[in-house]
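Data first, discussion second: the structure below is written as structure tokens.
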Amino acid sequence: MEHRISQIERVTKETQIRIRLDLDGSGQANIHTGIGFFDHMLNGFARHGLFDLDVEVTGDLEVDCHHTIEDTGIVLGQAIREAVKDKKGIRRYGSQILPMDEVLVLCAIDLSGRPYYRSDAVFTVERIGDLDTETVREFFYAVSYSAAMNLHFKMLSEGNNHHMAEGMFKAFAKALDMATGYDPRITDVLSTKGSL
Ligand SMILES: [Mn+2]
């Protein structure tokens, strides 16, 4: 099978971002965003989604982590959208309920072509390491609209904020792996409209 690979570069006055994504990889990651905890999250995403992912970001961290994380979400979303191409043969829907110690997270995805984001995750600390917890929402919201995907999270059991964030990234990875995966019974685009 030919690997579905995309490569996106985005440069603004605030951030310079290069992402290479292989949806059919094995979980190899090279992540350098300048934000240690964010690197940890993206490594988990690649590893558990079995995606190969290279992320090189130079952001205006002298301001704060906001632009760097939001813009990385925009570019990752574009990379996903480009890599799935016409979505022929893929499952389209994916979901995962993922436990991480006391935390339980649900993630559900529809690669519908229509962006939507909803999450009820509420963090109780302002920062995890060098990441502002309010940027978790900015990241996933950006991914959802630039990938044109419907993305839902439900925090079924709250707990340690590190576990909550990490559970979201891992649940997202596994749900996306399912949604982008092939089902041999699906020979065209899984939609009554004929396209997504
Ligand atoms: Mn961790």
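What follows draws every value from the coordinates through simple rules; no lab data is involved. Remember, predicted model here, so these are calculated numbers, not experimental data. Heads up, the Cβs are rebuilt from the backbone with ideal geometry, glycines too, and the neighbour counts pull from every protein chain shown.
For the chain, what is the mean residue ellipticity at 222 nm derived from helices alone (per DSSP H run of n ≥ 4: -39500 (n - 2.57); sum divided by total residues; nearest 500 deg cm²/dmol)?
On the way: 4 runs with 66 residues, N = 196.
It lands at -11000 deg cm²/dmol.
Assuming R0 = 30 Å, can you tell me the calculated FRET efficiency for the pair residue 145 and residue 185, based on Cβ-Cβ distance, to the nearest 0.05? The partial results should precede the final answer.
Details: r = 30 Å, r/R0 = 1.01.
With R0 = 30 Å, the Cβ-Cβ based efficiency is 0.50.
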Between beta-carbons, use under 10 Å as the cut-off and find the net charge around residue 100, counting Lys and Arg +1, Asp and Glu -1.
-> -2
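List the relative contact order of the chain as a percent without decimals, with contacts defined as Cα pairs under 8 Å and 6+ residues apart. If you can, show how the numbers build up before the last one.
Numbers: 478 pairs, mean separation 50.5, N = 196.
For the chain, the relative contact order is 26 percent.
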When ranked by the protection proxy of mean other Cβ atoms within 10 Å per residue, highest first, what sequence do the peptides 141-149, 68-76 form?
-> 68-76, 141-149
With everything on Cα atoms, drop me the angle between helix 66-84 and the longest principal axis of the chain, reported from 0 to 90° to the nearest 10.
-> 10 degrees
Alpha-carbon centroid distance for the pair the range 160-186 / the range 7-61, whole angstrom = 16 Å
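Only sites in a loop by DSSP and with at most 12 other Cβ atoms within 10 Å count here; which trypsin sites (Lys or Arg not before Pro) in the range 1-41 make the cut? Intermediate results must be reported in sequence, preceding the final value.
Numbers: sites: 4, 10, 13, 18, 20; in loops: 4, 13.
Here the trypsin sites (Lys or Arg not before Pro) that fit, given the DSSP loop and packing criteria, are 13.
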Under 20 Å from a label point 7 Å along Cα→Cβ of residue 124: give me every residue in the range 153-186 with its amide N that close.
-> 154-169
Note down the net charge around residue 3, summing +1 for each Lys or Arg and -1 for each Asp or Glu among other residues with Cβ under 15 Å from its Cβ.
-> -4
